[in-house]
Amino acid sequence: MKKFEFTIAGNRYDVVVKDFEDAIATVQVNGTTYEVEVHREVKRSKTPKLVRSTVVPESGEGAVPQKATGAGAARAPLPGNIISIDVAVGDTVARGDVLIVMEAMKMENNVLAEKSGVVKAIKVALGDAVLQNDILIEFE
């Protein structure tokens, strides 16, 4: 409960704000209770909202498909560049085998096989830049 004193057009008012919920305030002015609607400006955040635009690469160099059609796929754990591809189409891989080495955040990161399988397709080439969750390799 907050108390205020207002002077409006030379008249003095004692105001007590009893309750304030959403945009409705219950106030008492010189002993009389009123429910008033409060109009206030919507405060806006000063922090800019970053929006990533959708870029659709043309098929060919640097294009990375976003949907896997096989039984499984290895995805990029974070944005980076492909610096080594350690498997070929038709290779059988076991869970935990290194498939691709990528540079991200100035570090080399190994992309490991999450399950055993046969490499169906390699969707990237050396030097390609990839985004997080881009499909790198598809499995049968």
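A few points about this structure:
To keep it simple, each residue is scored yes or no on (1) at pLDDT 90 or above; (2) in a loop (DSSP other than H, G, I, E, B); (3) touching a Pro at 6+ places or on another chain (Cβ under 7 Å).
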residue	(1), (2), (3)
Leu50	no, yes, no
Glu58	no, yes, no
Ala68	no, yes, no
Asn81	yes, no, no
Glu108	yes, no, no
Lys115	no, yes, no
Lys120	yes, no, no
Val124	yes, yes, no
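- Residues in region 99-117 that are surrounded by 14 or more Cβ atoms within 10 Å (Cβ to Cβ) and among the aliphatic types (A, V, I, L, M): Leu99, Ile100, Val101, Met102, Ala104, Val111, Leu112, Ala113.
- Residue check for Lys106: basic (Lys, Arg) and touching a strand residue (DSSP E or B) at 6+ places or on another chain (Cβ under 7 Å): no
- Among the residues making up region 122-133, those that are touching an Asp or Glu at 6+ places or on another chain (Cβ under 9 Å) and either of a type outside the set (A, V, I, L, M, F, W, C) or under 13 Å from Arg75 (Cα atoms) (or both) are Ile122, Lys123, Val124, Asp128.
- Pair list, Cβ < 9 Å and 6+ apart or interchain, from region 22-34 residues that are part of a loop (DSSP other than H, G, I, E, B) and loosely packed, with under 14 Cβ neighbours inside 10 Å to residues that are of a type in the set (A, V, I, L, M) and modelled with pLDDT under 85: Asp22/Val38; Ala23/Val38
The values are calculated or read from the model by the stated rules, or taken from the named source; none is laboratory data. What you see is a predicted model, and the numbers here were worked out from it, not measured in a lab. In this analysis, Cβ positions are derived from the backbone assuming ideal geometry, glycine residues included, and neighbour counts consider all displayed protein chains.
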